[in-house]
Structures are given as C-alpha cells and as structure tokens.
1. Away from the ligand (no atom under 12 Å from the Cβ) and assigned by the TED database to the domain that holds residue 155: which single residue out of 31, 20 fits that description?
2. Return the total of residues in segment 90-102 being among the β-branched types (Val, Ile, Thr) and surrounded by fewer than 22 Cβ atoms within 10 Å (Cβ to Cβ).
3. Quick one: would you say residue 158 is among the small types (Gly, Ala, Ser), assigned by the TED database to the domain that holds residue 106 and closer than 21 Å to residue 242 by Cα?
4. Which residues, taken from segment 165-178, are surrounded by fewer than 21 Cβ atoms within 10 Å (Cβ to Cβ) and within 17 Å of the chain's Cα centre (by Cα)?
5. So which residues in segment 87-121 are of a type in the set (A, V, I, L, M, F, W, C), within 15 Å of residue 14 (Cα to Cα) and touching a residue at least 60 places away in the same chain (Cβ under 8 Å), if there are any at all?
6. Do we find a residue being away from the ligand (no atom under 14 Å from the Cβ) and touching a residue at least 12 places away in the same chain (Cβ under 8 Å) anywhere in segment 200-219?
7. Quick one: in segment 103-128, which of the residues that are surrounded by fewer than 19 Cβ atoms within 10 Å (Cβ to Cβ) and assigned to a loop (DSSP other than H, G, I, E, B) is farthest from the ligand (Cβ to nearest atom)?
8. Restricting to segment 152-166, count the residues that are away from the ligand (no atom under 13 Å from the Cβ) and in contact (Cβ under 8 Å) with a residue 60 or more places away in the chain.
Amino acid sequence: MSGLLDGKVALVTGSGHGIGRGHALELAKHGATVIVNDLGTSLDGQGTGKVADEVVQIIEDRGGKAISDFSDVGDEESVDLLVERAYSQLGRLDIVVNNAGIVRDKAIWNMSVDDFDLVMRVHVRGSWLTSRAVARKWRDESKETGGKVYGRIINTTSGAGLQGHFGQTNYSAAKAAIVGLTQTLSLELASTGATVNAISPGGRTRMSATMAGAAAPIEPDERSEEEFDPKDPSLGSPVVAWLASPEAGHVSGQVIKALGENIQWLKGWTPISVVSNGGKRWDASKLGGIMGIDVFGTRASGLRMGG
Ligand SMILES: NC(=O)c1ccc[n+]([C@@H]2O[C@H](COP(=O)([O-])OP(=O)(O)OC[C@H]3O[C@@H](n4cnc5c(N)ncnc54)[C@H](O)[C@@H]3O)[C@@H](O)[C@H]2O)c1
C-alpha cells in the first residue's frame, strides 16, 4: 500500500461511520496514517464498542496505518489534546478533515435551543476548534523554518447550507457558516502554505436515514466493488484524497460538490476544466477516479466547463 499520501498524518473527525469512514479508508489507501476520530458506538450497539476502533481494524486489515480517538470535537480541551497527541505520537499532522456531524431536524417552531446549539457545536465549533489547534502548529512550524508547511484542511458543508432545506434552520445555518470559515481560514493560512477547502458530499448514511422515507444506511466498507450505488457515502472520498494530496497545493478557498447523490446526473459528464476563484484554471481531468465535480463560486466567476 503506497501512494500520494505516504508519510502524511491525517485526522478525520466523525469517521466511525458514513462519509467520514469512507474518507478515512481512502486516505489510508493512499498511504496516510489516519487518526480515526469518533465518539460514537457501533451501529448495532454491540460489536467491539467504540466504532473508531472498528475502522482502525479495517484499515490495518488492509495493510494501512491508523489510530483511534474518541474525542468530542466540540470540546476545546479534548481537541487541543488530540492535536498535541498527533504531534507527540505520530510526529506531525498534515491533513485535517472536519467531517463530524449531527442533525436535529424540526420546523423552527418546534426546535429547541438545545437542538440549535448541539448542531452548531458539532459542525461549527468543532471545525473551528480543530482548525485553530492545527493552525497554531502550522504557524509555529512555518515561522521556525521560514518556509511553507504541508497543511490541508478540508471542511464539510452541505447543499442545505448553500440552498436551504426544510426542517434544518440549525443545520443549514451551521453549514453556511462552514463556507465562511473555509474562505476566511484559506486567507489566514495562505502565508503558511496550508490550503483550506470544503466539500459538499452526500450518501446513504445514518444521518440521511433520519429523513422521512429514507433507506437504511450503508457503510463504505460494505459495498462490493461491482455494485454501483449512487448513494454510496464513499463516492466523495476521492475528492478528499485529491484535495489532501500534493497535486492540489494550489487549490484553496473552494467549495466543491463531491457527492454520490447526483452521480447519476454526473455520469457521462466529463469534467474538463474548472474556473476557480481568481480565474485560476485547473485541470479537472487529473481528478482520477472522480465522477464529477462542481465548484460553488461564492466569490468567484462560478462553474464553467471547457472542452
Ligand atoms: N449524508 C448526507 O447526505 C450528507 C449530505 C451533506 C453533508 N453531509 C455531511 O457529511 C458529514 C458526515 O455525515 P454522515 O452522513 O456520514 O453522518 P453519520 O451520522 O453517518 O456520521 C457522522 C459521524 O460523526 C460522529 N460525531 C457526531 N458528533 C461528534 C462529535 N461531537 N465528536 C466526534 N464525532 C462526532 C458520529 O458519531 C458519526 O459517526 C457531516 O458533516 C454531514 O453534515 C452529509
């Protein structure tokens, strides 16, 4: 097992289940040592207990390297300790994928302040805390060496944050905040050499299963190679691996649609090129294995397809 991310250390929050699990498996496949963070338990409530351990086991069985972590991403002390632990135990932290998430859907008139606070806490405060902890490290490293660090933050937004979604005033506010966090962080970290982007993923997960009429969740490692399921939560993971790789060192401040849900529509769509912020052109055909990408140009010229 070797690849683009050999020697790199990646933290994926909330990677015990769903989309985050897909990211952890994908980053490990490309050679990264992955810190699998999740405070949750296994889907059946039985198994070995903490679900992060199960994902570590899957990665190790496939020849990769990983350690588990059970921190709550909304807890300041735990997050600071988690980042310290990455440096003391693994010597570095190069990639942070802020994926942990939760929903508490209700019409606003039925929504409690706790429903609002919990969703904001996990998505916004959690992503901000990990970003601050690692930004401090990268700033110090870049000052010490007088050079650029290898740093990647990949945040997770949602269509709900960009277009709105019934029952999700808390969640859509949180996901819109992630876009602002991403763009400001990308500016603040630019001098260190680190990049900050966000993805808008999709998939048949525990989270999507809470919606009315939704099918049961599937976990990324349960999919057979032959089976094509447009709701497979792992379909966005190649985008994450690419953003985490040296190949994407020039891409920052972007929000990229990286999902399974629209994959049917994207099938047959050949991304040739994308115009990103500042009119910089990059070649989407290099995104090997990715079915299609879309860039929300909130401060930009938007999406264009060349060819
Ligand atoms: N499923 C979708 O269609 C979809 C669409 C758009 C965006 N997203 C986003 O993708 C991300 C992953 O969602 P998913 O569908 O895989 O959900 P999921 O529920 O399957 O996984 C989320 C994981 O986060 C963990 N988690 C929750 N709170 C945590 C905390 N405080 N600290 C650490 N871990 C915590 C949970 O235990 C769980 O394992 C979320 O940010 C979500 O908002 C999902």
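1. 31
2. Going through segment 90-102 one residue at a time, the tally reaches 1.
3. yes
4. First pass over segment 165-178, keeping only residues surrounded by fewer than 21 Cβ atoms within 10 Å (Cβ to Cβ): 165-167, 169, 173, 176-177.
Hits for segment 165-178 are 176, 177.
5. Residues satisfying the conditions are 95, 96, 97, 100, 102, 103.
6. No, segment 200-219 has no match at all.
7. It comes out as 107.
8. Total meeting the criteria: 1.
The values are calculated or read from the model by the stated rules, or taken from the named source; none is laboratory data. Keep in mind that what you see is a predicted model, and the values were worked out from it rather than measured. Cβ: placed from backbone, ideal geometry, glycine included. Neighbour counts: every protein chain shown. Ligands, DNA and RNA are stripped out before the accessible areas are found, and what is left, the full protein with its side chains, is counted by its heavy atoms. Shrake-Rupley method; radii C 1.70, N 1.55, O 1.52, S 1.80 Å.
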